[in-house]
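The structure appears below as structure tokens.
The values are calculated or read from the model by the stated rules, or taken from the named source; none is laboratory data. Since this is a predicted model, take the numbers as computed values, not measurements. As a convention, Cβ positions derive from the backbone with ideal geometry for all residues, glycine included, and neighbour counts pool all protein chains shown.
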Amino acid sequence: MSTRAARTGKTEGCRGVPVMPRRRRTRRGTFLPPAPALRTRDTASTDSGDGGDGGDGGTVDGRRFRQALGTFATGVVAVTAADPRDGRPYGLAVNSFTSVSLDPPLVAFCVSHTSTSWPRVRAAGEITVNVLAGRQREACAQLASRGGDKFAGLGWTASPSGNPILDGALAWLDCAIEAEHVAGDHTIVVTRVLRLDLLADGDPLVFFRGAYGSFTAGLDALAEAVPAP
Ligand SMILES: Cc1cc2nc3c(=O)[nH]c(=O)nc-3n(C[C@H](O)[C@H](O)[C@H](O)COP(=O)(O)O)c2cc1C
């Protein structure tokens, strides 16, 4: 069965997992490796501009795939941990964060197999999710960089798990890793929330079409947009 499913199923990384699992059966909680029938190809320099992607039933244009996913506005979190041996902080910016379950309290995010910070964060056992505020663009860009001291110049205090809570974050959640599912070039990490707190008022950091933005629809804007009954 798994061979047939691998032939017919469709799987895509990170934001698109899983996408249109056509005639595909998987055991609960188990994701198959990327199906060979669906590939992404990068046509940054050869885009035909015909606007049709995936119409041939087997190939998705990688660049347009990313563009399409970029139209889905998200918040951004920083997933952090401290090395239990020397307290050194590690972390990465993540916009694939999502709530999963209220009871039990579960949240999830996707991590690229190429992340060099994730193995260090994961090794801490418990991780901390920081919900980033609009004013934390620079901190976010720093945590999204590769190499060097990502926490240089960033203020933080330790959560009960001992992990960095970034100054200015809107909220934090201490989490224990519950399950990990390999999905294409990412791993879906499901975590159980152990403790949390709301820290600050303010707008969230928004990521849209590859750029940072802010959330403008406050209560005043809503009052203007929605006519009173
Ligand atoms: C707005 C934004 C969102 C990101 N979301 C993710 C994500 O969901 N998963 C992921 O693996 N990397 C994501 N990244 C990339 C990581 O933050 C980081 O750049 C990457 O892990 C490389 O750094 P590392 O080698 O230190 O891990 C995101 C970057 C930015 C700027």
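Assorted remarks:
- Boolean, PHE65 is at pLDDT 95 or above, not hydroxyl-bearing (Ser, Thr, Tyr) and not assigned by TED's automatic domain parsing to the domain that holds ARG192: yes
- Taken together, SER115, SER99 contain a single residue that is of a type in the set (Gly, Ala, Ser), without any contact (Cβ under 8 Å) to a residue 12 or more places away in the chain and not in a helix (DSSP H, G or I), which is SER99.
- The residues listed here are VAL107, VAL111, VAL131; of these, the one that is under 17 Å from VAL182 (Cα atoms) and more than 7 Å from the ligand (Cβ to nearest atom) is VAL107.
- Considering residues of region 64-98 that are among the hydroxyl-bearing types (Ser, Thr, Tyr) and within 18 Å of HIS186 (Cβ to Cβ) only, the residue surrounded by the fewest Cβ atoms within 10 Å (Cβ to Cβ): THR98
- The set of residues in region 95-104 being more than 13 Å from the ligand (Cβ to nearest atom) and not charged (D, E, K, R) consists of SER99, VAL100, SER101, LEU102, PRO104.
- Test: residue in region 131-153 that is touching a Phe, Trp or Tyr at 6+ places or on another chain (Cβ under 6 Å) and assigned to a strand (DSSP E or B): no
Every residue, every condition in (1) touching a residue at least 40 places away in the same chain (Cβ under 8 Å); (2) surrounded by fewer than 20 Cβ atoms within 10 Å (Cβ to Cβ), yes or no:
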residue	(1), (2)
ARG146	no, yes
ASP167	no, yes
HIS186	yes, no
ARG192	yes, yes
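- Extreme residue, farthest from ALA78 (Cα to Cα), among residues of region 150-165 that are surrounded by fewer than 18 Cβ atoms within 10 Å (Cβ to Cβ) and in contact (Cβ under 8 Å) with a residue 24 or more places away in the chain: PRO160
- The combined condition, being modelled with pLDDT under 95, not acidic (Asp, Glu) and not in a strand (DSSP E or B), is not fulfilled by GLY162.
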